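Novice: Sharing a structure below in structure tokens format, with a few things to ask.
The values are calculated or read from the model by the stated rules, or taken from the named source; none is laboratory data. All figures in this text were calculated on a predicted structure; none of them were measured in a lab. As a convention, Cβ positions derive from the backbone with ideal geometry for all residues, glycine included, and neighbour counts pool all protein chains shown.
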Amino acid sequence: MDPLMTSVAQAVRRRAETDVPATELDPDTDLSSLGLTSLGVAGLLVDLEASLSVRFPEDAVTPEVFRTIRTLTDAVRALGTPSPN
């Protein structure tokens, strides 16, 4: 995983119900299979915006974007050059 994807995975790990270390999460695993609920997705959105200094426009907050670590990372990249904190 590249640094951005690792940062996204760490944010997912904090919100998901899994004991798997962020660096060992499969970037293509469906987030719902990790126990991420709709409330968890809302928290993940806030976490990503704060930690990566990005803002998700309303039309980017979709089930397709929040499906996997990879789809989230791709969306963050499309929003601009974030700086993982």
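Novice: Go through Val12, Val20, Val54, Val76 for me and flag whichever is crowded, with 18+ Cβ neighbours inside 10 Å, part of a loop (DSSP other than H, G, I, E, B), in contact with a helix residue (DSSP H, G or I) (Cβ under 9 Å, 6 or more places away or on another chain) and not acidic (Asp, Glu).
Specialist: Only one candidate passes the filter, namely Val54.
Novice: Could you give me the residue pairs with C-beta distances under 8 Å whose first residue belongs to region 33-48 and is small (Gly, Ala, Ser), whose second residue is at pLDDT 90 or above and surrounded by fewer than 17 Cβ atoms within 10 Å (Cβ to Cβ) wherever it lies, and which are 6+ apart or on separate chains?
Specialist: Close Cβ pairs satisfying both conditions: none exist.
Novice: For region 1-15, enumerate the residues that are modelled with pLDDT of 90 or more and of a type outside the set (Val, Ile, Thr).
Specialist: The answer is Asp2, Pro3, Leu4, Met5, Ser7, Ala9, Gln10, Ala11, Arg13, Arg14, Arg15.
Novice: Identify all residues within region 23-51 that are among the acidic types (Asp, Glu) and outside any loop (DSSP other than H, G, I, E, B); write none if there are none.
Specialist: Within region 23-51, Glu24, Asp47, Glu49 meet the criteria.
Novice: Identify, from the list Leu44, Leu39, the residue that is of a type in the set (A, V, I, L, M) and buried (at least 18 other Cβ atoms within 10 Å of the Cβ).
Specialist: Answer to the check: Leu44.
Novice: List every residue pair whose Cβ atoms sit under 6 Å apart, with the two residues 6 or more apart in sequence or on different chains, where the first one lies in region 1-30 and is of a type in the set (Val, Ile, Thr) and the second, anywhere, is in a helix (DSSP H, G or I) and surrounded by 11 or more Cβ atoms within 10 Å (Cβ to Cβ).
Specialist: Cβ pairs passing all conditions: Val8/Ile69; Val8/Leu72; Val8/Thr73; Val12/Ile69; Thr18/Leu34.
Novice: Given the condition assigned to a loop (DSSP other than H, G, I, E, B) and hydroxyl-bearing (Ser, Thr, Tyr), answer yes or no: does some residue in region 58-72 qualify?
Specialist: Checked against the condition, which is being assigned to a loop (DSSP other than H, G, I, E, B) and hydroxyl-bearing (Ser, Thr, Tyr), region 58-72 yields at least one hit.
Novice: Another one. From Asp28, Asp59, Asp2, grab the single residue that is in contact with a Ser or Thr (Cβ under 7 Å, 6 or more places away or on another chain) and exposed (fewer than 13 other Cβ atoms within 10 Å of the Cβ).
Specialist: Unique residue meeting the criteria: Asp28.
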